[in-house]
Amino acid sequence: MEYVGFLSYSEMIAELYNADYLMVCASEPRHVPGKLFEYLRTRKPIIAFGDGNAEIKQILTDANAGMLFNYSQDGHEFFETASKFSTDLSYIKQFDRREIAHQLATIMN
C-alpha cells in the first residue's frame, strides 16, 4: 500500500479504477457519504463499515456492489465473496447528479 497524498478529482477517479476493492466508513447511522456514489460507478466491490447504517446496507445490497459490516466485525466474508459482486448500473443510475437535478426540476415546476 502506498500513500499518494492529495489528488485532483480526475487523478482520484483513476486511482479508484486501479483498486481491487473500495472501502467506505459510515460513522453516522443515517449518513450516506458522497464517495459511495463515486465508488458505485467504478463497479469495484465495496466493503463498508458502520454501525446501524441501513441506507448504505440497502444501497450495496440492491446494487449488488458489496457488503456492510459493523465496526466489531472483521469483514472476512466480503473477501470470500467479492468476486460475486457486479454493480447493477441500471440501479445506480437513480443516484446520478443529472437524474437528481431532473427530478428536483420536475418537483419545482
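The values are calculated or read from the model by the stated rules, or taken from the named source; none is laboratory data. Predicted model, so just to flag it, every value in this text is computed and none were measured. Positions of Cβ are backbone-derived with ideal geometry, glycine not excepted, and every protein chain shown enters the neighbour counts.
Please go through (1) under 24 Å from Glu99 (Cα atoms); (2) part of a strand (DSSP E or B) for Leu16 and return the number of the only condition it doesn't satisfy.
(2)
Go through region 51-93 and give me each residue that's among the polar types (S, T, N, Q) and over 14 Å from the mean Cα position of the chain (by Cα).
Asn70, Ser72, Gln73, Thr81, Ser83, Ser90
Here's a check for you: in region 60-105, which residue that is in contact with an Asp or Glu (Cβ under 9 Å, 6 or more places away or on another chain), modelled with pLDDT of 95 or more and part of a helix (DSSP H, G or I) is surrounded by the most Cβ atoms within 10 Å (Cβ to Cβ)?
Once the filter is applied, the top-ranked residue is Ala63.
Does Gly66 satisfy being closer than 22 Å to Met12 by Cβ and touching a residue at least 12 places away in the same chain (Cβ under 8 Å)?
yes
Identify all residues within region 28-59 that are under 19 Å from Glu15 (Cα atoms), part of a loop (DSSP other than H, G, I, E, B) and charged (D, E, K, R); write none if there are none.
Across region 28-59, the qualifying residues are Arg43, Lys44.
One residue is enough: does region 3-14 have a residue meeting the conditions surrounded by 11 or more Cβ atoms within 10 Å (Cβ to Cβ) and among the hydroxyl-bearing types (Ser, Thr, Tyr)?
Looking through region 3-14, none of the residues is surrounded by 11 or more Cβ atoms within 10 Å (Cβ to Cβ) and among the hydroxyl-bearing types (Ser, Thr, Tyr).
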